[in-house]
Amino acid sequence: MLLTRSYAAMVVGALALGCSSDVLDPAPRLAPDQTLAVDATVRFLSTVEGGCWGLATQRGLYEPVDLGSGFRVNGRKVRVVLRDAPGWASICMIGSLVHVDSIRTQ
């Protein structure tokens with residue numbers, strides 16, 4: 001019985017750690033002809049080996065396919081113009097894939 005309670009406590013603890021508030025929901029996909037100008041925070045997420053860069057917005061998380069290296073700073077506030085990235089794929093699967101048309105630091 002003691003082993004079962006210890007096991008249950010470990011499972012509950014692991015689930016609590018896995019339900020971190022840092023988890024961001026994917027943003028809705030943009031329409032093929034849509035652009036979106038939005039304030040965002042650059043996020044580095046270690047969901048896969050090597051990590052992935054995302055843009056956290058009030059709409060959710062976008063995954064840029066072409067985020068410039070100068071903007072790859074976790075927590076950096078930016079103003080960005082995004083458009084859909086059809087035909088692209090990612091192993092990260094953290095958000096809707098987008099192209100960055102323009103970006104500037106806030």
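Just give me the residues in the stretch 45-75 being more than 16 Å from T105 (Cβ to Cβ) and in contact with a Phe, Trp or Tyr (Cβ under 9 Å, 6 or more places away or on another chain), in sequence order.
Our first condition is that a residue be more than 16 Å from T105 (Cβ to Cβ); within the stretch 45-75, this holds for 45-52, 54, 58-63, 65-66.
Scanning the stretch 45-75 gives L45, G51, C52, G54, E63, V65.
Does G68 count as at positive phi and either in contact with a Gly (Cβ under 8 Å, 6 or more places away or on another chain) or at pLDDT 95 or above (or both)? Before you say what the answer is, go through the steps one by one.
On the way: at positive phi: no; either in contact with a Gly (Cβ under 8 Å, 6 or more places away or on another chain) or at pLDDT 95 or above (or both): yes.
For G68, the condition - at positive phi and either in contact with a Gly (Cβ under 8 Å, 6 or more places away or on another chain) or at pLDDT 95 or above (or both) - is not met.
Under 16 Å from L30 (Cα atoms) and surrounded by 13 or more Cβ atoms within 10 Å (Cβ to Cβ): which single residue out of R83, R76 fits that description? It would help to see each step written out before you state the result.
Working: R76 fails: under 16 Å from L30 (Cα atoms).
After applying the criteria, what remains is R83.
Among what's in the stretch 84-95 and is more than 13 Å from the chain's Cα centre (by Cα) and either in contact (Cβ under 8 Å) with a residue 12 or more places away in the chain or not in a loop (DSSP other than H, G, I, E, B) (or both), pick the residue that is farthest from A37 (Cα to Cα).
Of all residues in the stretch 84-95, those more than 13 Å from the chain's Cα centre (by Cα) come to 84-89.
Adding the requirement that they be either in contact (Cβ under 8 Å) with a residue 12 or more places away in the chain or not in a loop (DSSP other than H, G, I, E, B) (or both) leaves 84-86, 88.
Details: D84: 12, A85: 15, P86: 18, W88: 21 Å.
For the stretch 84-95, the residue satisfying everything is W88.
Restricting the search to the stretch 51-78, which residues are free of Cβ contacts under 8 Å to residues at least 40 places away in the same chain, of a type outside the set (D, E, K, R) and not in a loop (DSSP other than H, G, I, E, B)? Lay out the reasoning, then the answer.
The first filter runs over the stretch 51-78 and keeps only residues free of Cβ contacts under 8 Å to residues at least 40 places away in the same chain, leaving 51, 53, 56-78.
Subsequent filtering for residues that are of a type outside the set (D, E, K, R) retains 51, 53, 56-58, 60-62, 64-65, 67-71, 73-75, 78.
Once the filter is applied, which keeps residues that are free of Cβ contacts under 8 Å to residues at least 40 places away in the same chain, of a type outside the set (D, E, K, R) and not in a loop (DSSP other than H, G, I, E, B), the stretch 51-78 yields W53, A56, T57, G60, L61, Y62, P64, S69, G70, F71, V78.
Given the options V48, V98, V12, V81, name the one that is modelled with pLDDT under 95, outside any loop (DSSP other than H, G, I, E, B) and not aromatic (F, W, Y). Before the answer, list the steps.
Working: V48 fails: outside any loop (DSSP other than H, G, I, E, B); V98 fails: modelled with pLDDT under 95; V81 fails: modelled with pLDDT under 95.
The unique qualifying residue is V12.
Quick check on this structure: which one of V38, V48 is touching a residue at least 40 places away in the same chain (Cβ under 8 Å) and in contact with a strand residue (DSSP E or B) (Cβ under 8 Å, 6 or more places away or on another chain)?
Working: V48 fails: in contact with a strand residue (DSSP E or B) (Cβ under 8 Å, 6 or more places away or on another chain).
Of V38, V48, the one residue that is touching a residue at least 40 places away in the same chain (Cβ under 8 Å) and in contact with a strand residue (DSSP E or B) (Cβ under 8 Å, 6 or more places away or on another chain) is V38.
The values are calculated or read from the model by the stated rules, or taken from the named source; none is laboratory data. Computed from a prediction, not measured in an experiment: that's the story for all the values here. Backbone-built Cβ (ideal geometry, glycine too); neighbour counts: all protein chains shown.
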